[in-house]
Amino acid sequence: MRVSRLKVGGGISASDLACQLQADWLGIPVERPEFADTTPRAVALLAGLGAGVWPSVDALPRLPGAVTVFEPRLSADQRDTGFERWLKGVDLVRGYGTGDS
């Protein structure tokens with residue numbers, strides 16, 4: 001499965017840095033709605049859908065406000081190199097304290 005963009009919400013999504021890091025390391029755009037309390041809103045909309053307030057998912061109201069899009073800034077080579085370095089770091093941590101490091 002290929003994911004072409006990531007839509008985020010909730011507390012950490014308020015951080016521009018967290019959203020940009022995700023875009024950079026995933027290599028896909030990250031979309032953050034101005035309306036960040038998406039989880040309770042989704043629960044309410046699904047309850048309304050189940051109760052027949054809306055006839056289908058397509059009939060649900062869209063999120064209010066603008067959307068900020070964070071575009072990836074790293075090349076595929078930079079992402080691959082960073083991922084390899086991260087894997088090496090994980091291996092080092094796994095060996096810490098066992099005499100293998």
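Based on this model, can you work out whether Phe70 counts as in contact with a Cys (Cβ under 8 Å, 6 or more places away or on another chain), closer than 25 Å to Gly9 by Cα and hydrophobic (A, V, I, L, M, F, W, C)?
Values: in contact with a Cys (Cβ under 8 Å, 6 or more places away or on another chain): yes; closer than 25 Å to Gly9 by Cα: yes; hydrophobic (A, V, I, L, M, F, W, C): yes.
Answer is yes for this residue.
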Positions within segment 67-101 being touching a Pro at 6+ places or on another chain (Cβ under 8 Å) and at pLDDT below 95, in sequence order: Val67
Scope segment 25-76; condition within 22 Å of Ser4 (Cβ to Cβ) and of a type in the set (Ser, Thr, Tyr); matching residues: Thr38, Thr68, Ser75
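When you scan segment 42-49, do you find a residue that is of a type outside the set (D, E, K, R), closer than 30 Å to Arg85 by Cβ and modelled with pLDDT of 95 or more, even just one?
no
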Matching entry among Gly50, Gly27 (being of a type outside the set (A, V, I, L, M, F, W, C) and in contact with a Pro (Cβ under 7 Å, 6 or more places away or on another chain)): Gly27
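Filter the helices (runs of 4 or more DSSP H) completely within the chain down to those with at least 3 residues that are over 12 Å from the mean Cα position of the chain (by Cα) and either exposed (fewer than 10 other Cβ atoms within 10 Å of the Cβ) or of a type in the set (Ser, Thr, Tyr) (or both).
On the way: elements: 16-26, 38-50, 76-95.
By residue number, 38-50, 76-95.
The values are calculated or read from the model by the stated rules, or taken from the named source; none is laboratory data. Nothing here was measured: the structure is a model prediction, and the numbers come from that model. Please note: Cβ atoms are built from the backbone with ideal geometry, for glycine as well, and neighbour counts cover all protein chains shown.
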